[in-house]
Amino acid sequence: MTASPPILAFNGDGLLPAGDYVLTLAELQDSLLVNGPAGKAEIPGWDMGWRMHLVENLGVLCRQLWQVGISEICVDGSFVEDKSHPNDIDGYFECDLQYLASGHLERDLNLIDPHKVWTWDPSARRACRGFTRRQLPMWHVYRVELYPHVGQLSGLQDKHGNELEFPSAFRLTRGHSLRKGIVKIGGER
């Protein structure tokens, strides 16, 4: 694994600077994304405890993915921005189309997860007080949403209206299409 640049600060737009940051879960816990810029004093209300909780939950789901052979896991969303209290962690993982389409991926993951949260079926989404969008079961339990990527489009568009695959969509902000960095989870199994 090649070393990635250290995360030293958010850019002027409050985003993780453009690039791919390969971090283990332990490195993520010790990073700017949990601890805040130069300590939490620079951003009022920086919720280090909540961010740590999100990373711990992300760790649960990453370890489940690793158990079924998935190793490419990327996260972003408001978690990689200077938002003091992000709602969740968004992410995607790369997997084999046949493994996903056959239902075996979902089955294998739900054999591991005690809450049986692994599904991307829109009918499984439930409302949550205070949120306009209905959420997947994994969000309700872990406040993390990880989507399988097999080369399909994400449903997100660039500033020209072109639908993007997850790797491209995750490197742009919604609405303004500003470039931002993502975190690739690596190193631990």
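Taken together, the values in this text are just the output of simple stated rules run on the coordinates, not laboratory data. The structure presented is a predicted model; accordingly, all values stated were derived computationally and were not measured. When we count neighbours, we look across all protein chains shown, and the Cβ atoms used for this are built from the backbone with ideal geometry, even at glycine.
Look at the dipole of the chain built from charges on Cβ: of CYS62, ILE182, GLY161, the Cα furthest out on the positive end belongs to GLY161.
The label-point distance for ASN162 and SER123, in a model that sets each label 7 Å from Cα toward Cβ, rounds to 3.6 nm.
Relative to one another, the C-alpha centroids of the stretch 65-79 and the stretch 122-174 are positioned 14 Å apart.
Among HIS160, HIS104, a tally of other beta-carbon atoms within 10 Å of each Cβ gives an order, fewest to most, of HIS160, HIS104.
Projecting the Cα atoms of GLY91, LEU28, GLN135 onto the dipole axis of the chain, where Lys and Arg carry +1 and Asp and Glu carry -1 at the beta carbon, places GLN135 farthest toward the positive end. Rounded to the nearest 20 debye, the dipole magnitude of the stretch 85-167 is 560 debye, with +1 charges on Lys and Arg beta carbons, -1 on Asp and Glu beta carbons, and the Cα centre as origin. With helices as the sole contributors, the chain gives -7500 deg cm²/dmol at 222 nm; each DSSP H run of n ≥ 4 counts as -39500 (n - 2.57), and the sum is divided by every residue. Per-residue Cβ neighbour counts within 10 Å put SER177, SER31, SER102 in the sequence SER102, SER177, SER31, beginning with the fewest. Size of the chain from its Cα atoms: along the principal axes, largest to smallest, the extents are 47, 41, 38 Å.
Simple point charges give the picture: +1 on the Cβ of Lys and Arg, -1 on the Cβ of Asp and Glu, and for the chain a dipole about the Cα centre of about 520 debye. Of the residues GLY77, GLY103, GLY130, the one that moves most in a GNM of the chain with alpha-carbon contacts below 10 Å is GLY130.
Lysine pairs in the chain whose alpha-carbon atoms fall under 26 angstrom of each other, counting only those eight or more residues apart or on distinct chains, come to 9. Dipole orientation for the stretch 19-185: of the candidates CYS74, HIS53, PRO122, PRO122 has the Cα lying most toward the positive pole (charges on Cβ; Lys, Arg +1; Asp, Glu -1). Note on the chain: GNM, Cα springs under 10 Å; of TYR147, TYR21, TYR99, the largest mean-square fluctuation is that of TYR99.
Beta bridges assigned by DSSP with both partners in the chain are antiparallel in approximately 50 percent of cases.
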